[in-house]
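J.: One structure is given below, represented as structure tokens, and several questions about it will come after.
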Amino acid sequence: MAIKSISKATVSGTVFRSPQTGYSTKGISVSNFVLNVTGKEELLIRVLVRKTALAEVVEKIEKGSKVVVEGILQTANVKDENGHERKIFEIDASDIELMSGSFVSGDNNEEIVKFSDTEMTDTLIGDEEIPF
């Protein structure tokens with residue numbers, strides 16, 4: 001019995017190349033995009049998305065988005081445009097979380113609450129104030 005080595009990985013980074021979606025010969029939607037995990041172009045990882053449950057997230061991803069991807073880490077050998085063989089890293093995604101939507105936009109009219117120094121004290125709560 002052969003044992004397969006499966007490496008689960010979770011990586012975060014910035015989308016270097018926007019998602020492209022195609023269809024397999026069986027009509028299954030397959031998307032892929034390239035994730036830059038170092039801030040430089042030193043380590044680019046291709047993310048494969050085969051789960052239809054992730055299609056909604058993939059539609060929101062664009063170049064420059066920050067994402068966290070969880071899945072199975074794989075390597076593949078490909079030939080570049082000069083015919084040289086290179087090793088690339090791929091993640092077969094099982095979960096994707098879009099991080100760039102978590103900021104507060106400037107048009108938010110909520111008032112920020114500020115406390116004065118007199119409202120905050122350094123004294124701890126007394127034993128008689130603990131409800132249990």
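The values are calculated or read from the model by the stated rules, or taken from the named source; none is laboratory data. These figures come from a predicted structure and were not determined experimentally. Cβ coordinates were reconstructed from backbone atoms using ideal geometry, including for glycine residues, and neighbour counts include every protein chain displayed.
J.: Of the residues VAL78, VAL68, which single one is more than 18 Å from SER94 (Cβ to Cβ) and surrounded by fewer than 16 Cβ atoms within 10 Å (Cβ to Cβ)? Steps first, answer last, please.
T.: On the way: VAL68 fails: more than 18 Å from SER94 (Cβ to Cβ).
After applying the criteria, what remains is VAL78.
J.: So which residues in the range 27-52 are more than 22 Å from LYS87 (Cα to Cα) and surrounded by 15 or more Cβ atoms within 10 Å (Cβ to Cβ), if there are any at all?
T.: Correct list: SER29, LYS51.
J.: Can I ask one more? In this structure, is SER7 within 16 Å of SER94 (Cα to Cα), touching a helix residue (DSSP H, G or I) at 6+ places or on another chain (Cβ under 9 Å) and modelled with pLDDT under 90? Lay out the reasoning, then the answer.
T.: On the way: within 16 Å of SER94 (Cα to Cα): yes; touching a helix residue (DSSP H, G or I) at 6+ places or on another chain (Cβ under 9 Å): no; modelled with pLDDT under 90: yes.
No.
J.: I'd like to know if the range 88-101 contains one or more residues that are touching a Lys or Arg at 6+ places or on another chain (Cβ under 6 Å), among the acidic types (Asp, Glu) and modelled with pLDDT of 85 or more.
T.: yes
J.: Here's something else I'd like to know. Could you please let me know if VAL58 is part of a strand (DSSP E or B) and surrounded by 14 or more Cβ atoms within 10 Å (Cβ to Cβ)? I'd like the intermediate steps shown before the answer.
T.: Working: part of a strand (DSSP E or B): no; surrounded by 14 or more Cβ atoms within 10 Å (Cβ to Cβ): yes.
No: the conditions fail for VAL58.
J.: Does SER18 satisfy the criteria of being under 16 Å from GLU97 (Cβ atoms), outside any loop (DSSP other than H, G, I, E, B) and polar (S, T, N, Q)?
T.: no
J.: Quick check on SER24: is it of a type outside the set (A, V, I, L, M), modelled with pLDDT under 90 and surrounded by fewer than 16 Cβ atoms within 10 Å (Cβ to Cβ)? First the steps, then the outcome.
T.: On the way: of a type outside the set (A, V, I, L, M): yes; modelled with pLDDT under 90: yes; surrounded by fewer than 16 Cβ atoms within 10 Å (Cβ to Cβ): yes.
Taking the combined requirement at face value, the residue satisfies it.
J.: From the set of residues in the range 61-71 that are among the aliphatic types (A, V, I, L, M) and in a strand (DSSP E or B), which is farthest from LYS8 (Cα to Cα)?
T.: At the first step, the residues of the range 61-71 found to be among the aliphatic types (A, V, I, L, M) are 61, 67-69.
Applying the additional criterion that residues be in a strand (DSSP E or B) yields 67-69.
Details: VAL67: 17, VAL68: 13, VAL69: 11 Å.
Per the criteria, the residue is VAL67.
J.: Taking VAL78, is it outside any loop (DSSP other than H, G, I, E, B), aliphatic (A, V, I, L, M) and touching a residue at least 12 places away in the same chain (Cβ under 8 Å)? I'd like the intermediate steps shown before the answer.
T.: Working: outside any loop (DSSP other than H, G, I, E, B): yes; aliphatic (A, V, I, L, M): yes; touching a residue at least 12 places away in the same chain (Cβ under 8 Å): no.
The answer is no for VAL78.
J.: LYS51: within 20 Å of GLY22 (Cβ to Cβ), at pLDDT 60 or above and in contact with a helix residue (DSSP H, G or I) (Cβ under 8 Å, 6 or more places away or on another chain), yes or no? Full working, then the answer.
T.: Details: within 20 Å of GLY22 (Cβ to Cβ): yes; at pLDDT 60 or above: yes; in contact with a helix residue (DSSP H, G or I) (Cβ under 8 Å, 6 or more places away or on another chain): no.
So LYS51 does not fit the description; no.
J.: Check whether at least one residue in the range 33-51 is outside any loop (DSSP other than H, G, I, E, B), over 17 Å from the mean Cα position of the chain (by Cα) and not aromatic (Phe, Trp, Tyr), and report yes or no. Even if it seems obvious, please write down each step before you answer.
T.: Here is the first cut: in the range 33-51, the residues outside any loop (DSSP other than H, G, I, E, B) are 33-36, 44-49.
Next, from what is left, pick out any that are over 17 Å from the mean Cα position of the chain (by Cα): none.
The answer is no, given that none of the residues of the range 33-51 is outside any loop (DSSP other than H, G, I, E, B), over 17 Å from the mean Cα position of the chain (by Cα) and not aromatic (Phe, Trp, Tyr).
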